[in-house]
Amino acid sequence: MAIVILGAGQAGLQIATSVRQKGYTGKVVLIGDEPHPPYQRPPLSKAFLKGTTDAASLIFRPAEALAAQGIDLILGQKARRIDLIAKTVEINDGTVSYEKLALALGARPRQLAVPGADLEGVYSLRGLADGQKLMSALTSANNVVIVGGGFIGLEVAATAVAAGKVVTVLEAGPRVMARAVAPQISTWFDKMHRDMGTRIVTSAVIAWIDGTDHVKTVTLGDGEVIAADLVLVGIGAVPNTEIAAEAGLECPNGVLVDAVGRTADSDIFAAGDCAFHPNRFAGSYVRLESVQNAIDQSKTVAAAMLDETASYDAVPWFWSDQGQAKLQTTGLPFAAERHVVRGDPEAGKFTVFHLKSGRVIAADSVNSPSDHMCARRMVAGGIPVIPEVLADPATDLKTLAMQRTA
Amino acid sequence: MTTIHFQSPSGEVTTLKGVVGQSIMELATSNGVSAIEADCGGACACATCHVIVDQSWTERLPAPGVMERDMLDFVAEPTSTSRLSCQLHITDDHDGLLLHLPSKQS
Ligand SMILES: Cc1cc2nc3c(=O)[nH]c(=O)nc-3n(C[C@H](O)[C@H](O)[C@H](O)COP(=O)(O)OP(=O)(O)OC[C@H]3O[C@@H](n4cnc5c(N)ncnc54)[C@H](O)[C@@H]3O)c2cc1C
Ligand code: FES
């Protein structure tokens, strides 16, 4: 039998290696439209952009190592159509038959819908090719405007300002990273970036981008004109679901799957950034964009493809490196009723816990890996906490986190 | 080229040649040492690249940084010579380094 995986990114690679680790000896075909073997994206906005890591070291495993594991890698080929009845996938150069199919199609940057967004000098960042373009553009740029104060935008801002550029971040919301972290964390990072020299405009409305062929300025709704020779748009991502939807699979916000990662077609699965899945930590269906989700969900899908039935139940976690600061988050902060701060924001080392019904549902840590690791256990275990105890520096978090729930 | 040995809990040894500056994690994962998962790709954010330095080598490695020490508390089977292999960068002095692989990463 053949397992075919569409999308050779973090999730696709994980599915391929996991089915092999589980002892599956049939054919494994991993198909990707990028020219590179699977590689890591997180460094694109971090070490790679800074120049402290090169393209070669982003590659997870050389193609030969994958071949040695019996993974047939087909690169530079786009999957164009899935035929659910014939169980085939059309790619640029032919047709591939599957018995089980995994969709690991990832997501692509959301486009900025304002006039001038298609000018030269306006970039987005998803793949290695984008990273290489951005890096070389950054070398010669002076005025950098970043649209979107999310993780990617702020990571790039920190690198650009450290390289001596004039950097402006335009955030549509009332605070940076608003959907992902507690207000205290936004405030702390806002100050950190300003201290580094970045200008941050919140509640920003972009009217248009100007330039003849190359971008020159960005005009805001209030009439302010900001000089720009490089604009990076980082306003979120949309899942690559077109081929799934065209095949008749339901794709409300990503490919709809059940707890084991299976679609309505029992031979088709999805994982990673493209999968809309039931998640205990969200209390609903969600689509997550993180390395953790890509890896853990892919392990679940690999098991399900081999007819095991473990549900996806891994605690979400994420990290973001901005300037000298390391942000680590766990859980999903939707529906928090209150926030508890532990540690000292002034000293640049603290954690904000998101509480709901007396339990930690999420936590954001700044330069506090130990808190973060404890918080992961607390979120996973649904451990009841007393806010004052949690905030008390005398409390040993590790002991608290190790408790068993009744 | 610097020779590094990885010994599995069952005693099996994988010997790899790394280049100076490369992390031990990169050397291991790019050569299919699956006992090193390295979920975060070297960001010191996951603690799934745990290795145990052989007693005979502990003195010859630089001490772990604060971040690494904190994360090491949370590996599945911590020992006094545990390290995160993404934070260990190969130098000329590491020729012959012996590392033990844990039976699980998390
Ligand atoms: C700049 C950046 C920084 C990030 N930083 C972090 C971080 O610090 N921490 C963290 O946890 N996460 C981070 N992420 C998110 C993380 O990288 C993603 O969640 C992860 O890559 C998702 O894996 P995936 O396999 O689902 O998607 P991808 O890695 O995007 O892989 C999908 C692949 O499928 C290909 N594809 C799509 N359609 C087709 C088709 N029809 N045919 C063939 N191939 C196709 C795509 O080109 C791509 O190669 C970052 C992402 C970016 C872009
Ligand atoms: S690879 Fe994640 S901590 Fe080392």
Report yes if A:LEU112 is open to solvent by 20 Å² or more (accessible area, probe 1.4 Å) and in a loop (DSSP other than H, G, I, E, B), otherwise no. yes
Test A:ILE15 against the criterion of being within 12 Å of chain B (Cβ to nearest Cβ), open to solvent by less than 10 Å² (accessible area, probe 1.4 Å) and over 27 Å from A:GLN132 (Cα atoms), and give yes or no. no
Could you check, for the range A:146-161, whether at least one of its residues is of a type in the set (Phe, Trp, Tyr), open to solvent by 50 Å² or more (accessible area, probe 1.4 Å), out of contact with any Phe, Trp or Tyr (no Cβ under 6 Å at 6 or more places or on another chain) and at pLDDT 95 or above? no
Within the range A:316-329, which residues are more than 11 Å from every other protein chain (Cβ to nearest Cβ) and touching a helix residue (DSSP H, G or I) at 6+ places or on another chain (Cβ under 8 Å)? A:PRO316, A:GLN322, A:GLY323, A:ALA325
Take the residues in the range A:337-384 that are in a strand (DSSP E or B) and of a type in the set (D, E, K, R), then tell me which one is nearest to the other protein chains (Cβ to nearest Cβ). A:LYS349
Of those in the range B:21-48 that are touching a helix residue (DSSP H, G or I) at 6+ places or on another chain (Cβ under 6 Å) and over 18 Å from A:VAL291 (Cβ atoms), the residue least open to solvent (accessible area, probe 1.4 Å) is B:ILE24
Within the range A:126-147, tally of residues that are of a type outside the set (Val, Ile, Thr) and either within 16 Å of ligand 2 (Cβ to nearest atom) or touching a helix residue (DSSP H, G or I) at 6+ places or on another chain (Cβ under 9 Å) (or both): 10
Verdict on A:LEU332 being open to solvent by 20 Å² or more (accessible area, probe 1.4 Å), touching a strand residue (DSSP E or B) at 6+ places or on another chain (Cβ under 9 Å) and away from every other protein chain (no Cβ under 14 Å): no
Could you please let me know if A:GLY76 is more than 14 Å from every other protein chain (Cβ to nearest Cβ), assigned to a helix (DSSP H, G or I), out of contact with any Lys or Arg (no Cβ under 8 Å at 6 or more places or on another chain) and within 12 Å of ligand 1 (Cβ to nearest atom)? no
Go through the range A:18-68 and count every residue that is more than 14 Å from every other protein chain (Cβ to nearest Cβ), in contact with a strand residue (DSSP E or B) (Cβ under 9 Å, 6 or more places away or on another chain) and among the charged types (D, E, K, R). 2
Picking from A:PHE281, A:PHE334, the residue that is more than 16 Å from ligand 2 (Cβ to nearest atom), under 18 Å from the mean Cα position of the chain (by Cα) and modelled with pLDDT under 95 would be A:PHE334
Return only the number of the condition from (1) more than 16 Å from ligand 2 (Cβ to nearest atom); (2) farther than 14 Å from A:ILE31 by Cβ; (3) under 24 Å from the mean Cα position of the chain (by Cα); (4) basic (Lys, Arg) that A:LYS87 does not satisfy. (3)
Yes/no for B:SER106 being within 16 Å of ligand 1 (Cβ to nearest atom) and surrounded by fewer than 18 Cβ atoms within 10 Å (Cβ to Cβ): yes
Looking at B:THR15 and the list (1) outside any strand (DSSP E or B); (2) away from chain A (no Cβ under 13 Å); (3) open to solvent by 50 Å² or more (accessible area, probe 1.4 Å), which single condition is not satisfied? (1)
Unmet requirement for B:CYS40, which otherwise passes all of (1) within 11 Å of ligand 2 (Cβ to nearest atom); (2) of a type outside the set (Phe, Trp, Tyr); (3) over 21 Å from A:ASP296 (Cα atoms); (4) within 12 Å of chain A (Cβ to nearest Cβ): (3)
Of the conditions (1) part of a loop (DSSP other than H, G, I, E, B); (2) more than 25 Å from A:ALA56 (Cβ to Cβ), A:THR168 clears all except one; give me its number. (1)
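Residue-by-condition table, conditions (1) in contact (Cβ under 8 Å) with a residue 40 or more places away in the chain; (2) open to solvent by 20 Å² or more (accessible area, probe 1.4 Å); (3) in a loop (DSSP other than H, G, I, E, B):
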site	(1), (2), (3)
A:ILE243	yes, yes, no
A:ASN253	no, yes, yes
A:ALA259	yes, yes, yes
A:ALA264	no, yes, yes
A:PHE276	no, yes, no
A:PHE281	yes, yes, yes
A:ALA294	yes, no, no
A:VAL301	yes, no, no
A:ALA304	yes, no, no
When only residues in the range B:49-71 that are facing chain A (nearest Cβ under 9 Å) and of a type outside the set (D, E, K, R) count, which is surrounded by the fewest Cβ atoms within 10 Å (Cβ to Cβ)? B:VAL66
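The values are calculated or read from the model by the stated rules, or taken from the named source; none is laboratory data. Being a predicted model, the structure only gives us computed values, none of them experimental. All Cβ positions, even for glycine, are placed from backbone atoms using ideal geometry, and neighbour counts span all protein chains on display. Just the protein is used for accessible areas: all its heavy atoms, side chains included, with ligands, DNA and RNA removed. Shrake-Rupley method; radii C 1.70, N 1.55, O 1.52, S 1.80 Å.
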